[in-house]
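What follows is a set of notes on a single structure, which appears directly below.
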Amino acid sequence: MSIKSIQKLKQFGIFQDHTNSNAKDFGKYNLFYGWNGSGKSTLSGLFRCIENKVTSSKFPSSEFSVSVDSGTPITQANVANSELNIYTFNHDFIDENISWNSTVKSILLVDKEKIEEREKLERLKKEQEVDSKAHGIEAEAIKKLDSAVSKFETDSARHMKTSLQSIDTTDSYYLNYDKRKFGKFIEDRLEESKSDDSLLDDQQIVELTNAAKPDQKSSITFNQQTINQEIFTKAKERLDELLKTSVVSQTIQRLVEHGDIKSWVETGLDLHKRHDTNQCEYCGNTITEERTKQLEAHFNDDYKAFQTRLERADGWLADQYIQPPILPATSDFYDEFKSGYGEACTALGKAITALNGEIAVWHTVLKEKTANPLETALTVEVISESSVKAFNDAMTDIGAAVDKHNHKSGNFKEETDKAKKRLELHYATTEVKSFKYHEKKKEVVDRTAANETLKTAINTRNTEIRTLEDSLSNEGLGADQFNESLHKFLGRSELTLRFNPVKKGYEILRNDSEQVDGNLSEGEKTAIAFVYFITKLKENDNNIEDTIVVVDDPISSFDSNHLFHAYSFMKVNCEKAKQLFVLTHNFTFFKLVRDWISRKNKRDNQNIANFYVVKANNGVPRTSTYENAEPALTLYNSEYHYIFSRLNSLKNQQTLETDDHFLAANLSRKLLESFLSFKFPKNRGNFADLFNTAVSASQNPEDEGKEKIRKFINEYSHNDLIETNEDFVENLIGEGVSVISDIFDWINELDEKHYQEMMEVVS
C-alpha cells in the first residue's frame, strides 16, 4: 500500500487549512523543498503520526486525510488501524531514540546464519499475515452485521412506538418507546418472541386494541338463570300418565267420537240442571228422563274429576313457557366483550324459542286430551337435553361476558396493561421474525467468539514470532553494521557504538574507550542519527521494498560537510524503498536528489519522481501548504538561480499580492547577499559591510535608491513577528516592486555581464 496524497491537513501546526488542490499525486520518489520555517518538519510529523498509528500530541485538535492507493483514506479517526509500513527520520525520531548524554536505543538485526529458525520465522509470519487479514475481514463483517442488527433494533422500536401509541397516547412507556426498551422486552420474552403462537390475527389485534383503550366502564349486574332437565323429565312422566288415563262411564259413542259435541253437550247438561228445566233451550223439545240419565251416566263424577286434573295440568304447562330475561345493554360492555356477549344473547334467544316450541307441542297434545278425555292413544316427546343445554350454555356465556367485564372494571389497569403487553409481544415477534433477528444475534455471537479464538491464536503466534526474532536478533550485529556505515559516512573511525547490556542500549564512544557525554559536533550528531535510522530500517528483517521511507533534512544547518555522504548513503540504502519522501532546506542537497530521481523518470520513461515546494506566508498567524514545484526550482542548478528567477517574475508583474510582497523582501536580501558575497569575497559573512562596500563601488554612491534598498531589506526581511498594521502593509506594497527593480539595476551596474547572462538563463 502506497500514499497517494495528503488531501486535508487542518490545525496541524503551521498547516492550518491545507487542501490538496495544487499538487499531483505522489510517486515512488517525492522531493520537497522549503526554507527553514516553511513547515517541512511539521509535514514530516504527519508521517510520523501514521508510522506510530497515533494522532498528534502537539496538535490534539488537528484533522487530516491521507489517501492511499487502495482502501479507505487514513484520518485522525482511523489512524490506529493504518497498515502502512512507514519509517520517518526527523527530530522526533532522534529525540525518541538517541540521548546524546547517555545511550542510543539498540537495533535488533537478524542473524542470517540461523537458517532453520529463519525458515520457521518466515512460515509463521506468512501464517500470521493470512490469519491477521482474515481476522480483519471477519471483524469488519461482524461489525457490519452488528450494525445492521443495531439499526433493526432502532427501526423496530420506532415502528412499534407508532403502533403502540395509537392504543393509548397517555402511557409514557409507549410515548418514549426506544431501542433500549425493545431490546429489554425481547430479552425478557426471548422464547415467546421466537414462537408463532405469539402472533395475532386481525380480529385478535382489533379485540386487544379495544381492550387496551384507557376508557373505564362501570360494573354490570346480572342474575343468571338455569333450567333443570329433571323438571321436564318428571313433568313428562306425569303428562304421559294423564294422557293414558281413561274414566269408566256409559259412553255415548257420538260424544266420544266428537269432542266438540261432547263439550257442547256437557255444558248444556249443566245449564239445564242449574235452571231446573227439562225443555231443550235450543230446540224447545222436551228432554226425556231417559235421555237425561243417559247423559249423566256419560258425564259422571269421576269424569268430572279427571277433567279438573286436565285443566290444572293445562294451567301448569302454560306457566312453563320461558320468558326472555332482561339482559344488560350491549353498550354497557367493553368493546372486546361485545361480540361474545352478542353471540351469547343470540344463542339464548334461539334456545328459548326451541324450548317454548317443544313446550307448545306438549300443550297442544294436552288440549286434545282435555277435549276428549277418553282418548288414550296420545303421547308427547321428551323436552330435548340439547335444547336445555343450549339455554344453560347461552346463560353461562352471558354470565362469563359479564364476569369478564366486571373483572376488568375491578382490575382495570392490570387488564389494560396485559392487553398492551400482548400487543407488544405480537408486534415484537412480527419484527424479529421478518428480520430473522434471533438468528442474526446468534450469528454475531458465534462469529465473534470464533474470531476471538482466531485472535487468541494470532496473539499466541505473535509471541512465538517475537521469541524467534529475539533468538535470531543480535544487538551486537546491529552495532557492527552501524559502525561500519558510520565510518564510511564520516570517513574516519574514532566514533563507535558499543552495546551495554546493563543499560540495554548503545554507548557512543570516541576512540573506542571514551564516552562522548554529549561532546559531539552538529555534523557528528546528524551523521550518527541518520546512519542509525538507515540501519534501523533493516531491524527485525524488515524488507526495504515493502517500506515507505520519509527523510526530513538529513543535513544539519550548522554542518554541511557531510552533504554528499548523506546523499549517497540515502541513495544506496533507500533506492529500492516502496516510496521515498525527502524534505530539505538545502538547495545543494535538493539538487543532488533532484538530479538522481529525475534520471529515473527519463530512464524508465514514466513519472515516478515528483517535486514539491513547501510554502509559508508571513501573515499572522503564518500558514503553510505544499504544491507542485515551479519549473525554476526543478531546472536551475543553484538556489541563486532560483531566487533570481523568482524575483525577476515578481519584478515584471504590475501588481503583487500581499504574500508576494513579504516574500519579495526576504528573497531580495538572499539574492543581494549571495551576489555581493561573490562580488566582494573579502567581506563575506557580514551583510552590512558587504552592502557598504558595494555602495562605495557604485558609480553613484549617493544614489538615494541604494538607501531605499537598505531600508526595505532591513525593515521587511527576516521578520518573524511582523506587525501587520495598515501603514506597514501599505508601505510594503507601495515599495516592493520598485525596490526589486532597483536591486536588479544595481546588480547590472556592478556586473553587467553577469546580469545579462543571468537574464538569459531565467528567460
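The table below gives the values:
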{"item": "Among the candidates HIS426, HIS438, residue that is buried (at least 18 other Cβ atoms within 10 Å of the Cβ) and farther than 28 Å from TYR567 by Cα", "result": "HIS426"}
{"item": "Check on THR416, among the β-branched types (Val, Ile, Thr) and either touching an Asp or Glu at 6+ places or on another chain (Cβ under 6 Å) or within 30 Å of TYR177 (Cβ to Cβ) (or both)", "result": "yes"}
{"item": "Contacts under 8 angstrom Cβ, first residue in the range 124-137 being exposed (fewer than 14 other Cβ atoms within 10 Å of the Cβ), partner part of a helix (DSSP H, G or I), 6 or more apart", "result": "ALA134/LEU454"}
{"item": "Members of the range 121-152 that are closer than 17 Å to ASN543 by Cα and out of contact with any helix residue (DSSP H, G or I) (no Cβ under 6 Å at 6 or more places or on another chain)", "result": "GLU122, ARG123, LYS125, LYS126, GLU129"}
{"item": "Meets criteria (modelled with pLDDT under 90, in the same structural domain as LYS441 (by TED's automatic domain parsing) and in a helix (DSSP H, G or I)) for SER132", "result": "no"}
{"item": "Qualifying residue in the range 205-220 (condition: more than 38 Å from the chain's Cα centre (by Cα), farther than 14 Å from HIS405 by Cβ and not assigned by TED's automatic domain parsing to the domain that holds GLU375)", "result": "no"}
{"item": "Residue in the range 364-372 that is part of a loop (DSSP other than H, G, I, E, B) and buried (at least 16 other Cβ atoms within 10 Å of the Cβ) present", "result": "yes"}
{"item": "The range 385-423, residues that are small (Gly, Ala, Ser), buried (at least 17 other Cβ atoms within 10 Å of the Cβ), closer than 30 Å to GLY357 by Cα and touching a residue at least 60 places away in the same chain (Cβ under 8 Å)", "result": "ALA401"}
{"item": "Given (1) modelled with pLDDT of 80 or more; (2) among the aliphatic types (A, V, I, L, M); (3) over 30 Å from LEU43 (Cβ atoms), number of the condition ILE98 does not satisfy", "result": "(3)"}
{"item": "Count of the range 303-325 residues which are among the small types (Gly, Ala, Ser) and not in a helix (DSSP H, G or I)", "result": "0"}
{"item": "Within the range 25-59, considering residues that are of a type in the set (Gly, Ala, Ser) and in a loop (DSSP other than H, G, I, E, B), the one modelled with the lowest pLDDT", "result": "GLY37"}
{"item": "LYS436 vs. criteria on the phi > 0 side of the Ramachandran plot and free of Cβ contacts under 8 Å to residues at least 24 places away in the same chain", "result": "yes"}
{"item": "Matching entry among LYS369, LYS408, LYS441 (being in contact with a helix residue (DSSP H, G or I) (Cβ under 9 Å, 6 or more places away or on another chain), more than 30 Å from GLY183 (Cα to Cα) and of a type in the set (Lys, Arg))", "result": "LYS369"}
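The values are calculated or read from the model by the stated rules, or taken from the named source; none is laboratory data. None of the values given here were measured: they were computed from a predicted structure. With ideal geometry, Cβ positions are generated from the backbone for all residues, glycine too; neighbour counts draw on all protein chains shown.
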